[in-house]
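This report refers to the structure that appears directly beneath it.
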Amino acid sequence: MPNNFALGNETLWSRRQLLKLGLVGAGVAGAGVLWQNLSAGSKTLVRVPPISTNTPSDAITPMKVLRDFDYGTVKKENGRTVREFRLTAGTSVIQLNTAVSYNIWDLNGRIPGPTLRAKQGERVRVLFLNKAGHSHSLHFHGIHTSEMDGIRPVSNGSVAIYEFDAEPYGVHLYHCHIEPVTRHISKGLYGMFIIDPPKPRPMADEIVLVMGGYDVNEDKRNEYYAFNGLPNYYMDNPIRIYQNQLVRLYVLNLIEYESAVTFHLHANFFDVYRYGMSLAASEKTDVITMGIAERHILEFAFRYPGKYMFHPHQDWIAEEGCMGQFDVISEKDNQNIPKSS
Ligand SMILES: [Cu+2]
C-alpha cells in the first residue's frame, strides 16, 4: 500500500523539478493493492487485526510503519516494468520519552524510511530529493553500477536518481552513505528494501521491524534504542496478531555502535530465511544474532493467545527501548473470521 501518512510526495516535489528530470507523466498508482491481490494466488486467507483505536496519532507512528509497503509507481518502458520511488530527506523532531526530544533526519516524514518493495527482475528508479539541510545520499544494498552506488554527496536542495535492476530477491536495505556514516544512519536515514522472488511467498501477515539506536549526546554510544523509530512503542502498544496465523517478520538491524545484537521471541520458535534469499528455511530457533545491516525473514504462528515479548537478548538494549510485544488474539474471539487453511 502507498504510505498513507507520508507528507505527500507531490507536495514536496515541485512540478518543475520533475519536468527537469523528464518524469512528469501518469504512472499506474495503487499498484501495491493490485499486486497484493494478484499474489493471493492460493485460497489462503490472511487475517490481520485492525489497529487499535487507542493508537496514538503521532507524526511518526510505528503502528503504521509495521505493515506499510511502498510499491512505488509502476511504469512500462520498452516493455519492461519500472517501479519509480520518491524519497525526500527532511528534518523532524521525535519524542524519545516524555522528557527527551531529538532532532532526526527523516525520509518522507518517517523513521525508518518507507519499506520499498519490488519484484526480482524489475527495474527500480529512486528519485532522491534532499531537503534535510545537509549533504546526504542513498546507498542501496544490491547489484548495480558504480555510478548508482550512492556514495556521492547530494547537496541540500538537489536531486539524485538511482536506477538499477531489482536483484537478487531478498530483504535488503538502503541508507545514507555520507561520513560519518554511523551518525547519518543513527539520525534516521535508512529503510528496508524488499525484493520479492519471482514466485511469491505464501500469504502471511507481513510485518516490518527495523532496530535502531539513538546517540543523543554524541558520545558514540546509544542512549536509546527502538523498533521502527520510537523507544518502547510496541511495549506500550502491542502488535495485534491472530492465533495460528502465519506471521512473516522482516527484521533489519541498524543499531550503530554495537557490533551485533540478537532478536529473541518469547514462547515460540521461528523459521529463519537468512537475508530472505531462499524459499526454504535454514533453521528454527528463538534467538538469532544480527550484525549491523544484517536482516532476515522470520516466520512463526502463535499456538496460544496472550501477550509475548520480543527484544534483543542484550538486555540493556531492550531496557533502553528496543522492546515490544505481540498481542495474540484468540480464535474464539474471531468466530466470524474464517480459519486460514
Ligand atoms: Cu546523510
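The values are calculated or read from the model by the stated rules, or taken from the named source; none is laboratory data. It should be emphasised that the depicted structure is a prediction, and the values quoted were computed from it without experimental measurement. Neighbour counts run over all protein chains shown; Cβ positions are idealised from the backbone, glycine included.
Screening the candidates 72, 79 for the property of being modelled with pLDDT of 90 or more, of a type in the set (Gly, Ala, Ser) and either buried (at least 19 other Cβ atoms within 10 Å of the Cβ) or in contact with a strand residue (DSSP E or B) (Cβ under 6 Å, 6 or more places away or on another chain) (or both) yields one hit, 72.
Being touching a helix residue (DSSP H, G or I) at 6+ places or on another chain (Cβ under 9 Å) and within 24 Å of residue 134 (Cβ to Cβ) is a property that holds for residue 220. Scanning the range 189-196 for residues that are in contact (Cβ under 8 Å) with a residue 60 or more places away in the chain, outside any loop (DSSP other than H, G, I, E, B) and among the hydroxyl-bearing types (Ser, Thr, Tyr) turns up at least one hit.
Applying the criterion of being in a loop (DSSP other than H, G, I, E, B) and surrounded by fewer than 13 Cβ atoms within 10 Å (Cβ to Cβ) to the residues of the range 116-150, the residue that is nearest to the ligand (Cβ to nearest atom) is 133. Among the residues of this structure, residue 263 does not count as one that is in a strand (DSSP E or B), in contact (Cβ under 8 Å) with a residue 60 or more places away in the chain, of a type outside the set (Val, Ile, Thr) and not assigned by TED's automatic domain parsing to the domain that holds residue 189. Taking the range 151-169 as the range and being assigned to a loop (DSSP other than H, G, I, E, B) and not polar (S, T, N, Q) as the test, the residues that pass are 151, 152, 153, 157, 166, 167, 168, 169.
Only one entry of 256, 218 meets the criterion of being within 16 Å of the ligand (Cβ to nearest atom), in contact with a Ser or Thr (Cβ under 8 Å, 6 or more places away or on another chain) and in a loop (DSSP other than H, G, I, E, B), and that entry is 256.
Scanning the range 221-236 for residues that are in contact (Cβ under 8 Å) with a residue 40 or more places away in the chain and either under 18 Å from the mean Cα position of the chain (by Cα) or not in a loop (DSSP other than H, G, I, E, B) (or both) gives 224, 225, 226, 227, 228, 229, 230, 231, 232, 233, 234, 235.
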